[in-house]
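The values are calculated or read from the model by the stated rules, or taken from the named source; none is laboratory data. Given the structure is predicted, the values throughout are model-derived calculations rather than measurements. In this analysis, Cβ positions are derived from the backbone assuming ideal geometry, glycine residues included, and neighbour counts consider all displayed protein chains. Note: accessible area is taken over every heavy atom of the protein model, side chains too, but ligands, DNA and RNA are not part of it. Shrake-Rupley method; radii C 1.70, N 1.55, O 1.52, S 1.80 Å.
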Amino acid sequence: MIGRLNHVAIAVKDLAASTALYRDTLGARVSQPLPQPEHGVTVVFVELPNTKIELLEPMGEDSPIAKFLERNADGGIHHICYEVDDILAARDRLKAQGARVLGSGEPRIGAHGKPVLFLHPKDFCGTLVELEQA
Ligand code: CO
């Protein structure tokens with residue numbers, strides 16, 4: 001059911017320093033910072049040949065990324081995103097198998113303008129999973 005790895009999201013405390021690390025030390029192509037107030041983050045996209053890394057810096061105290069960074073002071077992998085062809089069919093199949101879909105269970109429009117859902121990390125090897133309609 002799941003397809004390509006769309007991105008790996010890494011929570012960071014200092015977006016400028018993390019962007020410089022990826023650009024200068026690792027030699028990757030990076031985007032300008034993109035504020036996404038509706039998701040409580042500022043994002044930098046790191047473009048790799050086969051996928052993307054998203055550096056997420058919290059915006060505001062209510063940001064879910066701020067809470068993550070309280071528990072992970074050095075930052076860390078926040079979630080991974082897999083593509084699916086049909087997000088509603090994927091959701092219904094997962095729910096029928098007992099997986100927990102976060103929030104209302106209805107897809108929201110994610111960082112790339114496409115519908116996304118998040119799955120409970122306890123049901124997926126301790127990893128927060130995002131599904132994005134391809
Ligand atoms: Co994501």
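In this structure, is residue 52 of a type outside the set (Asp, Glu), more than 15 Å from the ligand (Cβ to nearest atom), open to solvent by 30 Å² or more (accessible area, probe 1.4 Å) and in contact with a strand residue (DSSP E or B) (Cβ under 9 Å, 6 or more places away or on another chain)?
On the way: of a type outside the set (Asp, Glu): yes; more than 15 Å from the ligand (Cβ to nearest atom): no; open to solvent by 30 Å² or more (accessible area, probe 1.4 Å): yes; in contact with a strand residue (DSSP E or B) (Cβ under 9 Å, 6 or more places away or on another chain): yes.
Here the answer is no, as residue 52 does not meet what is asked.
Which residues, taken from segment 12-44, are under 30 Å from residue 92 (Cα atoms) and either open to solvent by 50 Å² or more (accessible area, probe 1.4 Å) or free of Cβ contacts under 8 Å to residues at least 24 places away in the same chain (or both)?
37, 38
For residue 118, indicate whether it is in contact (Cβ under 8 Å) with a residue 24 or more places away in the chain, of a type in the set (Phe, Trp, Tyr), assigned to a helix (DSSP H, G or I) and within 16 Å of the ligand (Cβ to nearest atom). If you could, list the steps in order and put the result at the bottom.
Working: in contact (Cβ under 8 Å) with a residue 24 or more places away in the chain: yes; of a type in the set (Phe, Trp, Tyr): yes; assigned to a helix (DSSP H, G or I): no; within 16 Å of the ligand (Cβ to nearest atom): yes.
The answer is no for residue 118.
Restricting attention to helices (runs of 4 or more DSSP H) lying wholly within segment 1-101, give those where 1 or more residues are among the β-branched types (Val, Ile, Thr) and either in contact with a Lys or Arg (Cβ under 7 Å, 6 or more places away or on another chain) or at pLDDT 95 or above (or both).
Numbers: elements: 15-20, 64-71, 87-96.
In segment 1-101, 15-20, 87-96 are the helices (runs of 4 or more DSSP H) which contain 1 or more residues that are among the β-branched types (Val, Ile, Thr) and either in contact with a Lys or Arg (Cβ under 7 Å, 6 or more places away or on another chain) or at pLDDT 95 or above (or both).
Is there a residue being more than 16 Å from the ligand (Cβ to nearest atom), under 17 Å from residue 134 (Cα atoms) and not charged (D, E, K, R) anywhere in segment 65-76?
No; the residues of segment 65-76 include none that is more than 16 Å from the ligand (Cβ to nearest atom), under 17 Å from residue 134 (Cα atoms) and not charged (D, E, K, R).
For segment 95-114, enumerate the residues that are away from the ligand (no atom under 16 Å from the Cβ), touching a residue at least 12 places away in the same chain (Cβ under 8 Å) and either under 19 Å from the mean Cα position of the chain (by Cα) or within 22 Å of residue 66 (Cα to Cα) (or both).
Start the filter on segment 95-114 by keeping residues that are away from the ligand (no atom under 16 Å from the Cβ), which leaves 95-100, 104-106.
Imposing the further condition that a residue be touching a residue at least 12 places away in the same chain (Cβ under 8 Å) reduces the set to 98-100, 105.
Across segment 95-114, the qualifying residues are 99, 100, 105.
Out of 66, 9, I need the residue that is in contact (Cβ under 8 Å) with a residue 40 or more places away in the chain and surrounded by 13 or more Cβ atoms within 10 Å (Cβ to Cβ). Which one? Break it down into steps so the answer makes sense when it comes.
Numbers: 66 fails: in contact (Cβ under 8 Å) with a residue 40 or more places away in the chain.
Going through 66, 9 in turn, just one is in contact (Cβ under 8 Å) with a residue 40 or more places away in the chain and surrounded by 13 or more Cβ atoms within 10 Å (Cβ to Cβ): 9.
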